[in-house]
Amino acid sequence: MSPRTHTAPSAPDIDRLVAGVRAGQRAVLARAITLAESKRADHQLAARALVQALLPDTGQALRVGITGAPGVGKSTTIDALGAYLTGQGHRVAVLAVDPSSARTGGSILGDKTRMAQLSADPHAFIRPSPSAGTLGGVAAKTRETMLICEAAGYDVILVETVGTGQSETTVADMTDFFLALMLPGAGDELQGIKKGLVELADMIAVNKADGDNLPRARTAAAEYRAALHILSPRSPNWQVPVVTYSAYTGDGLAALWAKVVEHRDTMTKTGELAARRRDQQVKWMWSMVEDRMRTRITSDPSLAAKLPRLEADVADGRLSPAVAVDRIFAALGW
């Protein structure tokens with residue numbers, strides 16, 4: 001049964017959920033994540049209690065965000081890298097955030113079929129979640145899911161973004177290491193820099209460095225290295241490396257992961273990793289404040305009839321956005 005089909009538990013089950021997650025029980029882990037993803041008010045309250053109880057068991061995992069344009073091979077890379085890591089004794093959780101339909105809210109949820117090795121690996125856990133229109137295409141509950149997986153004993157968390165809009169920034173703000181995947185040739189190098197993706201990356205990895213593509217991959221990597229000299233690094237303590245690898249053959253994956261570990265060791269030694277995580281926690285808090293305020297506004301019955309008219313007046317230029325906000329807050333008594 002897919003984890004998405006589990007029924008979210010009620011509040012009295014929290015102690016049992018906490019114990020099951022700590023014991024690494026996969027079925028309980030799936031139920032706990034379903035609870036965190038639920039939009040029901042009582043489930044949200046229970047989920048907050050669950051995450052709070054599990055908080056002392058979190059923080060030990062290495063959190064890696066992975067992004068790249070469609071077709072770059074994100075799922076194939078994660079499958080190959082995850083299999084390499086479980087072979088090294090790690091327990092790997094993959095949070096694969098799928099694009100949702102803007103019209104129906106549905107999700108493709110196809111990542112499991114593209115991660116054949118990890119899907120059958122007892123030391124890996126894949127959780128596909130629909131982005132459901134949240135900012136940057138990142139599931140609203142990805143952070144909670146990440147903490148729950150850490151409490152269940154997964155020491156490597158891989159977060160795959162849809163690679164569109166502001167998803168890169170959002171994932172960079174919840175992970176320790178941000179990996180940008182690129183394809184060789186076709187001017188992708190300069191386009192990537194224009195998008196600002198490179199400035200967020202802790203490493204650039206050029207995929208498909210195999211067969212006839214190998215020379216082009218090496219050329220692309222050289223162009224990235226040259227371009228990085230004119231950009232401000234994300235950290236004063238880390239020079240962004242550029243590597244080549246092949247998700248198909250596995251060549252270069254060990255060296256790629258060695259750079260991730262080197263980054264963690266460097267950031268830990270300088271204190272920057274702890275500082276980054278503290279900053280991320282505060283950003284998470286304010287993100288939740290904004291989300292809850294929006295929910296409060298859109299669900300308030302006194303505003304239900306007024307909001308469409310206010311939006312229309314703003315859209316048609318009859319009312320400035322600032323005055324519309326004043327009226328919304330006045331209606332709420334704020």
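The values are calculated or read from the model by the stated rules, or taken from the named source; none is laboratory data. Since we're looking at a predicted model, the values are computed, not measured. So basically every Cβ, Gly included, is an ideal-geometry build from the backbone, and we count neighbours across all protein chains shown. Side chains are part of the model used for accessible areas, which takes the heavy atoms of the whole protein and leaves out ligands, DNA and RNA. Shrake-Rupley method; radii C 1.70, N 1.55, O 1.52, S 1.80 Å.
Solvent exposure of the stretch 11-56 amounts to 53 Å² per residue of accessible area, where only protein heavy atoms count and the probe is 1.4 Å. Modelled spin labels at Leu307 and Gln117, positioned 7 Å past Cα toward Cβ, are 4.6 nm from each other.
Glu262 label point, 7 Å along Cα→Cβ, cut-off 15 Å on backbone N: hits in the stretch 209-253? Correct set: 225, 237-245, 252-253. Average accessible surface for the stretch 285-332: 73 Å² per residue, computed with a 1.4 Å probe over protein heavy atoms with every protein chain in place.
Give me the percent of accessible area attributable to carbon and sulfur for the stretch 13-74, probe 1.4 angstrom. The C+S portion of the solvent-accessible surface of the stretch 13-74 is 53 percent.
One chain, two ends: Arg16 and Val282. Fully extended at 0.36 nm per residue, the span grows by 92.8 nm beyond their Cα-Cα distance. Taking all protein chains together and rolling a 1.4 Å probe, Met293 ends up with roughly 70 Å² accessible. Phi-derived couplings, Karplus 6.51 cos²θ - 1.76 cosθ + 1.60 at θ = phi - 60°, listed residue by residue for the stretch 29-44: 4, 4, 5, 5, 5, 4, 4, 5, 7, 5, 9, 5, 4, 5, 5, 4 Hz, with x used for Gly and Pro. In this structure, the amide hydrogen of Val243, modeled 1.01 Å from its nitrogen in the peptide plane, lies closer than 5 angstrom to those of Ile204, Ala205, Val206, counting only residues at least 5 positions away or on a different chain. The HN-Hα couplings worked out from phi for the stretch 220-229 by the Karplus form 6.51 cos²θ - 1.76 cosθ + 1.60 (θ = phi - 60°) are 4, 4, 5, 5, 5, 4, 5, 5, 5, 5 Hz, whole numbers, x standing for Gly and Pro.
As a rough guide to protection, the peptides 86-94, 221-229, 146-154 ranked by mean Cβ packing within 10 Å, highest first, stand as 146-154, 86-94, 221-229. Taking each of Lys208/Lys259; Lys141/Lys306; Lys74/Lys269; Lys141/Lys208; Lys141/Lys283 in turn, the alpha-carbon distance tops 23 angstrom for Lys141/Lys306; Lys74/Lys269; Lys141/Lys208.
Taking a ≥ b ≥ c as the square roots of the eigenvalues of the alpha carbon gyration tensor, the stretch 285-332 is prolate, as a/c is not under 1.5 and a/b beats b/c. When the alpha carbon coordinates of the stretch 11-56 are projected onto the principal axes, the ranges are 27, 20, 17 Å, largest first.
Annotation for Ala315 and Ala222: the two label points, set 7 Å from Cα along the Cα-Cβ direction, are 5.3 nm apart.
Taking amide H atoms as placed 1.01 Å from N in the peptide plane, the amide H of Tyr248 lies under 5 Å from those of Lys208, each 5 or more residues away in sequence or on another chain.
Extending 7 Å from Cα along the Cβ direction at Gln25 and again at Val323 yields two label points whose distance is 6.0 nm.
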